[in-house]
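Peer 1: Here you go, one structure.
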Amino acid sequence: MTARGYLVACPNRLDAISKQYDVVVVGAGIAGMTAALSLDSKLKVALISKEKPSKSSTYKAQGGMAVAVGHDDSCEEHISDTLRVGQGLCRKDAVDVLVREGPLALEFLQGLGADFCHDEKGLVLTREAGHSRNRVVHYYDYTGKYIAELLTDEVKKSNNIDIYDRCFLVDILTVENDCCGCAVIYEGRLLYLQAGVVIIATGGYSGLFSHSTNSDSVSGDGIAAAYRAGAVISDMEFVQFHPTAFSTTGGNIFLLTEALRGEGAVLLNSAGERFMQDYHASAELAPRDEVSRAILRESAKQGGSQIYLDARHLGREYLADRFPQVYTELAQNNFFMEKDIIPIAPAAHYTIGGINTDLWGKSNVTSLYSCGEAAATGVHGANRLASNSLLEGIVFGRRVAAHINVGFKAKNKNANFASGVSGAYCDSDVDKLRLKLDSTAGVIRSGSELKETLRWIKGKNTSQDTKADIHTYHMSNAFQLAELMLTATLLREESRGGHYRLDFPNKDEHFLYKHILHQWGKEAVFDE
Ligand code: SIN
């Protein structure tokens, strides 16, 4: 029985309620809902989510889903683009699965009624950075919301899925490295969801950064819980920063989809000049890590001046029709794309690290699976190809379910726990953490600053017992994951994809194919 969770062994937890399921799916984004819907309908499933759907990264995804279905496209080309952008760290077998099962993922959505943008010749495919051709299936500029709503409707119609909204994952329950459920807080009470299998699909940890296109709540709780349960966590140093995020007057960060650049928008410096061609042969359509660094460098060249996105030449009619969400949001902020250039800056967008899984989403903990952004399947390597993430959610959500469907065995193991959280954090610490991550673990990193931030994080981990409530668990998870991320950023003494270090600005072949693995109670190591 794990004793390193927030809940330590105590068989007499009187206030806790226990419920029995076959499968608990934690996370109701694209991956979690796809997995829940693809499980055998004879299995009794609990689908839990921390927040309302509009806070999920799926809901906020604008661009679309990359699938090699164009008449001039091929899986080989999609695989080759994914591997090139992943900079030598993709697991090739995982990329192969991702891309080759792409058309089936599309059929799955179409089978649920998805009607993506099309014309008389068929699907209209858009372009995003890093792709060698138009490959992105989309629904205007709110593909994620469209898919999320479709899946939510389907989940609500299912007879075998119980939905727990606003439900916080506290710990994953294990007995001798065998997962047998999880503890959650629901409607103010501790609830044990005992189950044969748990699937973690809680998304990534970009919300740990204060400048992020994700909601603050996207802070990796599922990854942290899996780590405490003994799961191997990998690739935590790789964070993808989206080049074009807009700060609203209300202080929110709003994504300006890469499809805008795919359709012809360009980047301008403060002198009104294009500059991307000086940094990369693919100019505005270079991979996101390259564009984000170029933006910061160009801005620094001019004393930290503002960089802009310019889509004026595309015209009002086209922009408002093709990008209605972006157009409306900007208009509400008094920017009109047909006549204004739009101030942008990179923001944390997608995290590559997570729960290390095999091609069926299995972790090293028996009966603990993961899919979507929470998982590290190796499909993204050191940098994710645009619009491969919605695809990943569907492909691996379906694979996890397929694997469970064939081998499911009910369990009757009880792990009872009581509260005991270590680490004394307060709200201002989390605010400070998020700002420190922005400034030290952002697009451009340096060893000395990373070390200093890691020292500060470790200093906060006092092993002193504090209140056992959602807020405290949330803060502790944030510090736990930040420590893993910074440890990995320091170990990787090179620059590759989404990890760029000023003190090691080049790729080092010594690190090629190597992933950094973390496991509770062990030093972080490179795999072979
Ligand atoms: C975007 O629309 O630019 C985001 C798509 C993605 O993150 O893949």
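Peer 1: Residue pairs, Cβ under 9 Å, 6 or more apart or interchain, first in region 394-415 and farther than 16 Å from THR357 by Cβ, second in a helix (DSSP H, G or I). List them.
Peer 2: Matching pairs, first to second residue: ASN405/SER38.
Peer 1: Let me ask something else about it. What are the residues in region 365-376 that are open to solvent by 10 Å² or more (accessible area, probe 1.4 Å) and touching an Asp or Glu at 6+ places or on another chain (Cβ under 9 Å), if any?
Peer 2: Within region 365-376, THR366, SER367, GLU373 qualify.
Peer 1: All but one of (1) of a type in the set (Asp, Glu); (2) surrounded by 21 or more Cβ atoms within 10 Å (Cβ to Cβ); (3) not in a helix (DSSP H, G or I) hold for ASP81, so report the exception by its number.
Peer 2: (3)
Peer 1: To continue, here is another question. Is there any pair linking a residue in region 339-353 that is under 16 Å from LEU481 (Cα atoms) and at pLDDT 95 or above to one that is open to solvent by 30 Å² or more (accessible area, probe 1.4 Å) and not aliphatic (A, V, I, L, M), with Cβ under 6 Å and at least six apart or on different chains, and which?
Peer 2: Once the first residue is under 16 Å from LEU481 (Cα atoms) and at pLDDT 95 or above and sits in region 339-353, no partner that is open to solvent by 30 Å² or more (accessible area, probe 1.4 Å) and not aliphatic (A, V, I, L, M) comes close enough.
Peer 1: Would you mention how many residues in region 309-337 are of a type outside the set (Asp, Glu), closer than 14 Å to THR257 by Cα and surrounded by 13 or more Cβ atoms within 10 Å (Cβ to Cβ)?
Peer 2: Residues meeting the conditions: 12.
Peer 1: Out of VAL67, VAL45, VAL85, I need the residue that is over 16 Å from the mean Cα position of the chain (by Cα) and away from the ligand (no atom under 16 Å from the Cβ). Which one?
Peer 2: Of the residues listed, the single one that is over 16 Å from the mean Cα position of the chain (by Cα) and away from the ligand (no atom under 16 Å from the Cβ) is VAL45.
Peer 1: Starting from residues that are open to solvent by 10 Å² or more (accessible area, probe 1.4 Å) and out of contact with any helix residue (DSSP H, G or I) (no Cβ under 6 Å at 6 or more places or on another chain), keep the ones in region 353-364 and report whichever is farthest from the ligand (Cβ to nearest atom).
Peer 2: ASN364
Peer 1: Select from region 460-508 the residues that are of a type in the set (Asp, Glu), open to solvent by 10 Å² or more (accessible area, probe 1.4 Å) and modelled with pLDDT of 95 or more and list them in ascending order.
Peer 2: GLU483, GLU493, ASP503, ASP508
Peer 1: Hey, another quick one. With respect to TYR140, is the statement that it is of a type in the set (Phe, Trp, Tyr), within 21 Å of the chain's Cα centre (by Cα) and either within 15 Å of the ligand (Cβ to nearest atom) or part of a helix (DSSP H, G or I) (or both) true?
Peer 2: no
Peer 1: Any residue that is closer than 25 Å to LEU391 by Cβ, without any contact (Cβ under 8 Å) to a residue 60 or more places away in the chain and either open to solvent by 50 Å² or more (accessible area, probe 1.4 Å) or within 16 Å of the ligand (Cβ to nearest atom) (or both) - is there at least one of those in region 157-171?
Peer 2: Yes, region 157-171 has at least one match.
Peer 1: Within the group ALA94, ALA105, which residue is within 15 Å of the ligand (Cβ to nearest atom), small (Gly, Ala, Ser) and open to solvent by less than 30 Å² (accessible area, probe 1.4 Å)?
Peer 2: ALA105
Peer 1: Need the failing condition index for THR202 against (1) β-branched (Val, Ile, Thr); (2) open to solvent by 20 Å² or more (accessible area, probe 1.4 Å); (3) out of contact with any Lys or Arg (no Cβ under 9 Å at 6 or more places or on another chain), just the number.
Peer 2: Checking THR202 against (1) β-branched (Val, Ile, Thr); (2) open to solvent by 20 Å² or more (accessible area, probe 1.4 Å); (3) out of contact with any Lys or Arg (no Cβ under 9 Å at 6 or more places or on another chain), the one that fails is (3).
Peer 1: Condition first: within 14 Å of the ligand (Cβ to nearest atom) and of a type in the set (Gly, Ala, Ser). Can you find one or more residues in region 112-122 that meet it?
Peer 2: no
Peer 1: Condition first: within 16 Å of the ligand (Cβ to nearest atom) and in contact with a helix residue (DSSP H, G or I) (Cβ under 9 Å, 6 or more places away or on another chain). Now tell me which residues in region 248-259 satisfy that.
Peer 2: PHE254, LEU255, LEU256, THR257, GLU258, ALA259
Peer 1: For region 267-295, what are the residues that are within 16 Å of the ligand (Cβ to nearest atom), over 18 Å from ASP310 (Cβ atoms) and open to solvent by 20 Å² or more (accessible area, probe 1.4 Å)?
Peer 2: The one that is within 16 Å of the ligand (Cβ to nearest atom), over 18 Å from ASP310 (Cβ atoms) and open to solvent by 20 Å² or more (accessible area, probe 1.4 Å): GLU290.
Peer 1: Inside region 233-247, can you point out the residues that are open to solvent by less than 10 Å² (accessible area, probe 1.4 Å), within 16 Å of the ligand (Cβ to nearest atom) and not hydroxyl-bearing (Ser, Thr, Tyr)?
Peer 2: PHE238, VAL239, GLN240, HIS242, PRO243, ALA245, PHE246, listed by residue number.
Peer 1: Return the total of residues in region 272-294 being under 17 Å from HIS131 (Cβ atoms) and not in a helix (DSSP H, G or I).
Peer 2: 5
Peer 1: Of the residues GLY230, GLY264, which is small (Gly, Ala, Ser), open to solvent by less than 10 Å² (accessible area, probe 1.4 Å) and at positive phi?
Peer 2: Exactly one of GLY230, GLY264 is small (Gly, Ala, Ser), open to solvent by less than 10 Å² (accessible area, probe 1.4 Å) and at positive phi, namely GLY230.
Peer 1: I'd like to check something: does region 295-315 contain any residue that is in a helix (DSSP H, G or I) and closer than 24 Å to MET65 by Cβ?
Peer 2: So far as region 295-315 goes, yes, one or more of its residues are in a helix (DSSP H, G or I) and closer than 24 Å to MET65 by Cβ.
Peer 1: Sort out which residues of region 248-261 are open to solvent by 10 Å² or more (accessible area, probe 1.4 Å), under 17 Å from GLY144 (Cβ atoms) and assigned to a loop (DSSP other than H, G, I, E, B), and write them in order of number.
Peer 2: Matches in region 248-261: ASN252 only.
Peer 1: GLY420 - would you say it is touching a Gly at 6+ places or on another chain (Cβ under 9 Å) and modelled with pLDDT of 95 or more?
Peer 2: Spelling it out, it is not the case that GLY420 is touching a Gly at 6+ places or on another chain (Cβ under 9 Å) and modelled with pLDDT of 95 or more.
This table checks each residue for (1) outside any strand (DSSP E or B); (2) basic (Lys, Arg); (3) touching a His at 6+ places or on another chain (Cβ under 7 Å); (4) surrounded by 20 or more Cβ atoms within 10 Å (Cβ to Cβ).
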position: PHE116; (1), (2), (3), (4): yes, no, yes, yes
position: ALA129; (1), (2), (3), (4): yes, no, no, yes
position: ASN134; (1), (2), (3), (4): yes, no, no, no
position: GLY144; (1), (2), (3), (4): yes, no, no, yes
position: ALA148; (1), (2), (3), (4): yes, no, no, yes
position: LEU151; (1), (2), (3), (4): yes, no, no, yes
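The values are calculated or read from the model by the stated rules, or taken from the named source; none is laboratory data. Just so it is clear, the structure is predicted and the values come from calculations on it, not from any experiment. Counting neighbours? That spans all protein chains shown, and the Cβs are built from the backbone with ideal geometry, glycine included. Side chains are part of the model used for accessible areas, which takes the heavy atoms of the whole protein and leaves out ligands, DNA and RNA. Shrake-Rupley method; radii C 1.70, N 1.55, O 1.52, S 1.80 Å.
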